[in-house]
Amino acid sequence: MSPDAEHCLPSLMPIARRPETFFVRGEGAWLFDREGRRYLDWVQGWAVNCLGHAPAAIADALAGQARTLINPGPAFYNLPSLQLAERLTRHSVFDHVFFASSGAEANEGAIKLARKWGRRHKDGAYEIIGFHNAFHGRTLATMAASGKPGWDTLFAPPVPGFAKATYNDLASVEALIGPATVGIMLEPVQGEAGVIPATPEFLRGLRALCDRHDLLLIFDEVQTGCGRTGELFAYQASGVEPDIMTLGKGLGGGVPLSALLAREAVSCFEPGDQGGTYCGNPLVCAAGLAVIDTLTADGFLAATRERGRELADGLHRLSAELGLGEVRGSGLLLALELGADLGSAVVEAARDSGLLLNSPRPHCLRLMPALNTAAEEIGIGLSLLRGAIIAARQHAEPRQ
């Protein structure tokens with residue numbers, strides 16, 4: 001690290017344990033550090049950079065929009081936000097869109113919208129049933145909605161109104177429904193929990209419960225949306241249509257953009273209920289428009305699904321060869337069980353060899369390559385991953 005960088009380090013709050021690697025440039029599937037070394041990035045900003053690093057489509061959209069209009073303010077219309085809202089509603093079952101800057105902000109908006117709907121239509125019902133091990137963000141309300149162990153005491157007292165059921169256990173959900181219940185909120189795939197997919201039967205059961213009890217079904221697709229699981233939105237593969245959906249991460253392709261989408265029947269915000277200084281500004285919406293138009297172009301998601309199959313097949317072969325565990329997920333959101341708490345060691349060994357990985361749990365890896373990654377890059381990554389697992393195992397073995 002350069003002396004200039006070292007001088008700046010004390011200015012940053014220590015909110016993450018960052019390695020000393022200092023990145024200065026990105027191109028597609030690759031990141032480059034200050035020494036010029038390249039790394040195949042299978043984290044991509046935690047599934048944010050859906051088109052990879054510095055994609056031309058987003059760079060051109062940002063440059064063109066920056067020369068035209070950056071931010072007239074959220075109280076006025078602008079063309080990119082209208083165009084992006086139209087694209088999202090055209091390609092989904094939703095009617096209305098609210099743009100925000102982060103997934104947590106979109107999820108906070110979903111919670112507020114559900115509570116407003118409950119006050120109007122369900123005698124003030126406000127409680128939302130969520131799930132153990134869920135992750136919905138880092139605001140106080142989204143932390144309370146999450147089921148991450150220990151978060152209920154981290155910034156106590158937690159925001160009330162969030163019950164927790166067991167994922168993929170319909171009976172545990174039904175047991176929590178009461179007069180104050182307004183909705184059920186979940187990720188179609190629990191990413192932070194280790195890429196745990198909801199079963200189709202579970203999702204159909206949730207939809208039936210919501211219909212029977214007049215509840216809102218809320219899908220947090222901050223991570224799974226925008227092509228990550230091989231479909232434009234994960235709900236489309238299940239055949240289960242939610243009432244509210246949130247997007248983030250990949251929607252901006254690297255710039256801060258998220259969205260709250262709702263069916264017209266539940267879209268009950270009134271002027272003044274919701275807003276934000278940067279909500280729907282044309283600069284970020286131009287980037288989002290470039291992302292959605294790229295994802296919906298002929299053949300793009302078909303290629304993503306093919307790369308996902310190639311990666312999953314390679315992980316299965318690797319698991320069989322090295323005696324590892326389950327491979328989970330779909331598209332380019334996949335997990336590999338390691339069979340032991342080697343996650344951190346594998347991440348470090350992989351980084352040393354030029355591959356960036358994420359270990360959401362000590363026993364598993366989460367893989368999130370760019371959606372337009374090449375078949376050759378999948379092969380390179382699998383080879384580097386194999387070497388990293390072997391190196392981590394050897395390092396963990398007790399010395400004789």
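The values are calculated or read from the model by the stated rules, or taken from the named source; none is laboratory data. Just so it is clear, the structure is predicted and the values come from calculations on it, not from any experiment. Cβ atoms come from the backbone with ideal geometry, glycine included; neighbour counts cover every protein chain shown.
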#### Entry: Set G178, G161, G150: member being on the phi > 0 side of the Ramachandran plot, touching a residue at least 24 places away in the same chain (Cβ under 8 Å) and out of contact with any Pro (no Cβ under 8 Å at 6 or more places or on another chain)
G161
### Task
Consider only pairs whose beta carbons are under 9 Å apart and that are at least six residues apart or on different chains; among these, list those whose first residue lies in segment 298-326 and is within 15 Å of L232 (Cα to Cα) and assigned by TED's automatic domain parsing to the domain that holds W42 and whose second residue is surrounded by fewer than 19 Cβ atoms within 10 Å (Cβ to Cβ) and of a type in the set (G, A, S).
E306/A375
### Task
Sort through G272, G276 and tell me the only one that's under 18 Å from K112 (Cβ atoms), in a loop (DSSP other than H, G, I, E, B) and free of Cβ contacts under 8 Å to residues at least 24 places away in the same chain.
G272
### Query
Hey, any hits in segment 128-135 for a residue that's of a type in the set (V, I, T), part of a helix (DSSP H, G or I) and within 18 Å of A193 (Cα to Cα)?
no
### Message
I'm trying to understand the selection: among the residues of segment 248-269, which are part of a loop (DSSP other than H, G, I, E, B) and buried (at least 24 other Cβ atoms within 10 Å of the Cβ)?
### Response
G248, G252, L257
### Task
For segment 165-180, state whether one or more residues are in a helix (DSSP H, G or I) and modelled with pLDDT under 95.
no
#### Entry: Selected residue [without any contact (Cβ under 8 Å) to a residue 12 or more places away in the chain and polar (S, T, N, Q)] from S344, S359, S353, S383
S383
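Name the helices (runs of 4 or more DSSP H) wholly within segment 14-99 that hold at least 3 residues that are farther than 29 Å from S353 by Cβ and either of a type outside the set (D, E) or not assigned by TED's automatic domain parsing to the domain that holds C285 (or both)?
56-66, 79-90
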### Query
Which members of segment 348-377 meet the condition of being surrounded by fewer than 22 Cβ atoms within 10 Å (Cβ to Cβ), part of a helix (DSSP H, G or I) and of a type in the set (A, V, I, L, M)?
A375
